[in-house]
Amino acid sequence: MSNPLVKLENVGIQFGGLKAVQNVNMYINKGELVGLIGPNGAGKTTTFNMLTGVYTPTEGDITFEGKSIKGLKPYQVTKRGISRTFQNIRLFKDLTVLDNVKIANHHLAKHSILSSVLRLPSHFKGEGKMEKESIEFLKIFGLDVYKDELAKNLPYGMQRRLEIARALAAGPKLLLLDEPAAGMNPQETQDLMDLIALIRKEFDLTILLIEHDMSLVMGICERIYVLDHGQLIAEGTPEEIRNNPKVIEAYLGEEVKN
Amino acid sequence: MKKSKAFWVYLALALVIYAVVQVMTANEMIDLYYQNMLITICINIMLAVSLHIVIGITGQFSIGHAGFMAVGAYVSAICTMKLGLPFIVGIIMAGVVAAIAGLLVGVPSLRLKGDYLAIATLGFAEIIRITFLNIDYVGGAAGMVVNHMTTWTYAFLGVLITILVISNFTNSRHGRSCLAIREDEIAADAMGINTTYYKVVAFVIGSLFAGVAGALYAHNFYIIQPTAFNFLKSFEILIYVVLGGLGSLSGSVIAAIFLTTVSQYLQAFPETRMIIYSVVLILVMLYRPTGLMGTKELKDVFRLKKRGGSEA
Ligand SMILES: Nc1ncnc2c1ncn2[C@@H]1O[C@H](COP(=O)(O)OP(=O)(O)OP(=O)(O)O)[C@@H](O)[C@H]1O
Ligand SMILES: [Mg+2]
């Protein structure tokens with residue numbers, strides 16, 4: 001068995017007095033599609049934020065491809081090969097759909113500021129490549145028809161898709177999806193899941209997926225981690241998770257509260 | 001290649017304007033007053049566009065732009081008047097030193113956000129002004145005598161190069177990175193953009209051209225004084241950018257032309273000038289809160305018109 005692609009060891013973070021996440025041990029092997037579930041406020045997004053350098057864990061360590069990424073800035077983490085989507089859509093609203101994707105593609109291009117200012121051949125070559133690649137990404141998500149539209153004018157479901165297209169354009173090895181189907185109807189959700197399966201194959205991706213819709217997570221994930229009150233309470237196959245009393249209790253507890 | 005077509009149209013238009021003014025000047029159809037006004041317009045366009053890259057493109061609210069203009073003005077004046085160097089060397093030195101000043105100010109202050117950045121940049125500009133005020137070598141409050149060297153050709157080339165560099169920068173992966181920062185800094189960071197680096201780059205480019213504008217300004221009158229670079233000057237430049245529409249290069253050019261013309265005619269009535277400025281600003285904020293052009297460029301407006309026409 002080779003080393004996992006990403007590994008969290010005793011990871012924890014504290015905000016003031018609040019321990020939002022503690023003692024989390026997780027690993028994801030290359031090529032896996034892993035789910036991260038848990039009730040509201042369990043610490044799922046916070047875990048993403050630690051994985052992507054938005055927050056630095058106050059405890060433990062995170063390694064990616066065998067090297068620690070703790071303390072790196074978000075853009076450095078992205079360059080290493082982790083990219084993400086946001087639970088609350090964070091597109092570049094006043095820019096075009098195409099520009100949104102091109103921006104994620106930016107760090108993979110090489111032409112310098114000077115070459116752009118002087119419009120040297122390397123500028124045209126680099127920009128041409130970015131344009132072509134970005135349109136390819138848009139095509140996969142059926143967004144190419146909207147390419148000159150401002151991101152804010154897209155229908156909601158398309159905005160969610162653009163978030164993923166953009167994350168993909170950043171050239172990740174590990175893709176983190178934070179509730180990508182939130183607010184979508186069942187048909188849109190199903191289409192999205194098919195797409196995720198497709199890009200996973202096409203781009204040889206490893207995926208960590210946060211999702212509230214249990215049936216959905218159970219349907220496509222090979223392995224699932226369950227967070228509750230900042231701690232991992234279960235790990236296993238969908239079948240194991242479904243029958244885990246702790247998980248049932250965590251979710252039932254939530255339902256009772258609601 | 002639509003973009004390059006628009007580029008050649010603009011370039012041709014610019015050259016025509018240049019030639020017309022040049023011929024009219026040679027035939028004494030434009031007197032000194034108007035020549036001076038045209039040069040002032042050019043200088044103010046350079047100031048507006050160089051601030052536009054910082055505020056309009058990168059979304060960093062810097063309001064001390066006159067500080068970099070002052071650096072350029074004094075550095076170039078020292079080069080030509082004290083060291084006896086040619087004007088062009090003075091201009092280049094003005095750009096280089098202002099860019100370095102931009103780097104030194106930008107690195108610490110661009111970590112600040114919103115109001116704090118505004119205060120820091122305003123503070124910097126005041127420090128620069130007070131420094132020149134207290135250096136006898138450059139004449140202190142009395143100012144420094146500078147020969148008139150700025151010609152229409154210099155001013156025109158200054159504008160042309162400023163606009164060319166800044167629009168080429170904007171329409172590239174580098175400019176898009178700056179736009180991404182303006183739109184959503186956290187998302188930009190998450191997409192692999194070194195946000196600090198690009199904020200500093202935009203700031204340095206803006207400072208560089210403000211410095212060059214300062215050099216042209218210094219050599220357009222016979223004297224430079226620190227008061228010319230006070231916070232009112234910074235606000236004036238800010239108004240061009242805001243009035244033109246944050247994010248629109250053509251907007252800031254149009255606003256600079258318009259307001260410079262208005263204020264030249266009202267020079268004899270400084271109070272009226274401020275009142276008119278205020279009224280214009282209030283009207284724009286009421287009826288067009290995104291500025292004259294919003295984030296659109298001139299060519300977008302024309303394209304929209306054309307499309308609308310063919311559909312009708
Ligand atoms: N920057 C922060 N400062 C203080 N507390 C925070 C911060 N970020 C997250 N938290 C807290 O950490 C806890 C976990 O939040 P998180 O957003 O990770 O939950 P989640 O599992 O993603 O929930 P949801 O399903 O609602 O998205 C919450 O109590 C939240 O208030
Ligand atoms: Mg969340």
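For residue B:224, the shell of other residues with beta-carbons less than 14 Å away shows a net charge of +3, using +1 for Lys and Arg and -1 for Asp and Glu.
Spatially, region A:165-233 and region B:200-232 are offset by 53 Å when compared through their Cα centroids. Modelled spin-label separation between residue B:31 and residue B:266, with each label point placed 7 Å from Cα along the Cα-to-Cβ direction: 2.4 nm. Per residue of peptide A:114-126, the mean number of Cβ atoms on other chains within 10 Å of the residue Cβ is 3. Note on residue A:56 and residue B:107: with the Förster distance fixed at 25 Å, the Cβ-Cβ geometry gives a FRET efficiency of about 0.70. Here, the protein assembly as shown is characterised by an Rg to Rh ratio of 1.06, where Rg is the alpha-carbon radius of gyration and Rh the Kirkwood radius. Note on chain B: with a GNM built from Cα contacts shorter than 10 Å, the maximum mean-square fluctuation among B:278, B:62, B:50 falls on B:278. Taking label points 7 Å from Cα along the Cα-to-Cβ direction, residue B:96 and residue B:288 give a separation of 4.1 nm. Taking the longest Cα principal axis of chain A as reference, the axis of helix A:245-257 is set at about 80 degrees.
Stretching the chain fully between residue B:13 and residue B:231 yields a gain of 75.0 nm (0.36 nm per residue, less the alpha carbon separation).
Specify the angular offset, from 0 to 90 degrees and rounded to the nearest 10, of the alpha carbon long axis of helix A:156-169 from the longest principal axis of the alpha carbons in chain A. Helix A:156-169 and the main axis of chain A meet at about 80 degrees. Both chains summed, the buried accessible area for B and A stands near 2600 Å², from protein heavy atoms and a 1.4 Å probe.
Among B:279, B:145, B:253, which one shows the biggest mean-square fluctuation in a GNM of chain B, springs joining Cα atoms closer than 10 Å? The residue with the greatest mean-square fluctuation here is B:279. FRET efficiency for the pair residue A:203 and residue A:96, taken as 1/(1 + (r/R0)^6) with r the Cβ-Cβ distance and R0 = 30 Å, rounds to 0.80. Ordering A:150, A:111, A:181 by Cα displacement along the dipole of the protein assembly as shown toward the positive end leaves A:111 in first place; charges were set at the Cβ atoms of Lys, Arg (+1) and Asp, Glu (-1). Averaging the sequence gap over all C-alpha pairs within less than 8 Å and six or more residues apart, then dividing by the number of residues, gives region A:1-90 a relative contact order of 30 percent.
Computed about the Cα centre, the dipole magnitude for chain B is approximately 880 debye when only Lys and Arg (+1) and Asp and Glu (-1) carry charge, each at its Cβ. Please build a GNM for chain A, connecting alpha carbons under 10 Å apart, and tell me which residue among A:186, A:74, A:39 fluctuates the most. Of the options given, A:186 has the highest mean-square fluctuation. Among residues other than residue B:113 with Cβ under 12 Å from its Cβ, the summed charge is 0 (Lys and Arg +1, Asp and Glu -1). In this simple spin-label model, placing a label point 7 Å from the Cα along the Cα-to-Cβ direction at both residue A:114 and residue A:240 gives a separation of 5.7 nm.
With R₀ fixed at 35 Å, the C-beta to C-beta distance from residue B:301 to residue B:85 puts the FRET efficiency at about 0.20.
The values are calculated or read from the model by the stated rules, or taken from the named source; none is laboratory data. Predicted model, so just to flag it, every value in this text is computed and none were measured. Counting neighbours? That spans all protein chains shown, and the Cβs are built from the backbone with ideal geometry, glycine included. These area figures cover heavy atoms from the full protein model, side chains too; ligands, DNA and RNA do not enter into them. Shrake-Rupley method; radii C 1.70, N 1.55, O 1.52, S 1.80 Å.
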